[in-house]
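Here is the structure we will look at, set down as structure tokens.
Throughout, read-outs are computed from the coordinates displayed, never taken from laboratory work. Just so it is clear, the structure is predicted and the values come from calculations on it, not from any experiment. Backbone-built Cβ (ideal geometry, glycine too); neighbour counts: all protein chains shown.
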Amino acid sequence: MEPAKISIQDASLRHLDRLYEIEQKCFKTEAFTKRQIAHLLAHPNSVSLVAKDNHNIIGFIIGMIYYEKEKLTGRILTVDVHPSHRRMGIGTALLEQIEKIFVEKGVENCYLEAREDNVAALNLYLKLGYRKVGSLKNYYKDAHGILFKKCL
Ligand SMILES: CC(C)(COP(=O)(O)OP(=O)(O)OC[C@H]1O[C@@H](n2cnc3c(N)ncnc32)[C@H](O)[C@@H]1OP(=O)(O)O)[C@@H](O)C(=O)NCCC(=O)NCCS
């Protein structure tokens, strides 16, 4: 399918209600609470973006930058695309944009995790150049996780 005509913009606390609504549509058991999303959006080391179709938010991504072993490392905490707008390149656009911002801020490596049964996420990450670097046993309530890394 052709990529949707979307714009990617900075997220903020004023988007909280909509982001929580999308988070609940995306995750059954592992959804962040509204309070957790608010905390992440307001965190000084977070990078958060929304994808808009006209004025309607249809996806978002939240990442965090850490200083570890004298290097800046990025971690993607969640990437969510509303079910009505999947498979249109929006997840890809959100990840590519946050990676660009990470690079501008000096981040060298980006990490993320996925459930081993989340086929959409696994394919998306592999397609964008992430590589499996670890297994996360019982990471989720009812599934193992996989740790991915990409050198930016
Ligand atoms: C994972 C997710 C973010 C993908 O978003 P998306 O906008 O649909 O992804 P894209 O359109 O950019 O897809 C890019 C590639 O990912 C893979 N992919 C995406 N959805 C897929 C699916 N349902 N099945 C298999 N592969 C899929 C494909 O390789 C796809 O490329 P293609 O369309 O050329 O084949 C979305 O399915 C989602 O929000 N899921 C629920 C939340 C979640 O699991 N987030 C990730 C864990 S934090």
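Data table
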item: Residue that is in contact with a strand residue (DSSP E or B) (Cβ under 7 Å, 6 or more places away or on another chain) and within 15 Å of the ligand (Cβ to nearest atom), where the choices are 136, 126; result: 136
item: Residue identified as in contact with a Ser or Thr (Cβ under 8 Å, 6 or more places away or on another chain) and either within 26 Å of residue 6 (Cβ to Cβ) or not hydroxyl-bearing (Ser, Thr, Tyr) (or both) among 76, 65; result: 65
item: Qualifying positions in the stretch 68-100 - more than 19 Å from residue 20 (Cβ to Cβ), of a type in the set (Ser, Thr, Tyr) and within 7 Å of the ligand (Cβ to nearest atom); result: 92
item: Filter pass, residue 93 being touching a residue at least 12 places away in the same chain (Cβ under 8 Å), buried (at least 20 other Cβ atoms within 10 Å of the Cβ) and more than 20 Å from residue 28 (Cβ to Cβ); result: yes
item: Total residues in the stretch 1-48, condition in contact (Cβ under 8 Å) with a residue 40 or more places away in the chain, in a helix (DSSP H, G or I) and of a type in the set (D, E, K, R); result: 2
item: Filter result (closer than 13 Å to residue 60 by Cα and out of contact with any Phe, Trp or Tyr (no Cβ under 6 Å at 6 or more places or on another chain)) within the stretch 73-88; result: 76, 77, 78, 79, 81, 82, 83, 85, 86
item: Strands (runs of 3 or more DSSP E) contained in the stretch 85-152 and holding at least 3 residues more than 30 Å from residue 52 (Cβ to Cβ) and not basic (Lys, Arg); result: 131-140, 143-151
